[in-house]
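These notes concern the structure reproduced below.
Each value in this text was obtained by applying a stated rule to the coordinates, not by laboratory testing. Note that the structure is a prediction, hence the values are computed from the model and not measured. Please note: Cβ atoms are built from the backbone with ideal geometry, for glycine as well, and neighbour counts cover all protein chains shown.
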């Protein structure tokens, strides 16, 4: 059985929510929440004409954008590694 624990996440001015995580991921989760809150506070100050909900939507979109950029890079790296592996296999297995 996985060793899980309960934590409460506080994001911006939204209601806190409960989350169950692996114990070894607590620091990562708390760091993620902290970073979201720091950016939300900064953007809320910069975009005073936007509601809290709008700022959170902008923040969610930015995180999604970064996620998909990284995913694209990972996929490109995996394709390059697969190509290099095939070339290496071809060299190593083409023994005469």
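Name the residues in segment 36-62 that are surrounded by 12 or more Cβ atoms within 10 Å (Cβ to Cβ) and within 12 Å of residue 11 (Cβ to Cβ), would you? Of everything in segment 36-62, those that are surrounded by 12 or more Cβ atoms within 10 Å (Cβ to Cβ) and within 12 Å of residue 11 (Cβ to Cβ) turn out to be 36, 37, 39, 40, 41, 52, 55, 56, 59.
In the set 54, 24, 49, 89, only one residue is out of contact with any helix residue (DSSP H, G or I) (no Cβ under 7 Å at 6 or more places or on another chain) and not in a helix (DSSP H, G or I); that residue is 49. With respect to being at negative phi and free of Cβ contacts under 8 Å to residues at least 60 places away in the same chain, residue 84 fits the description.
Of the residues making up segment 34-47, just one is more than 12 Å from residue 59 (Cβ to Cβ) and within 17 Å of the chain's Cα centre (by Cα), namely 34. Considering only residues in segment 8-21 that are part of a strand (DSSP E or B) and within 17 Å of the chain's Cα centre (by Cα), the one that is surrounded by the fewest Cβ atoms within 10 Å (Cβ to Cβ) turns out to be 19.
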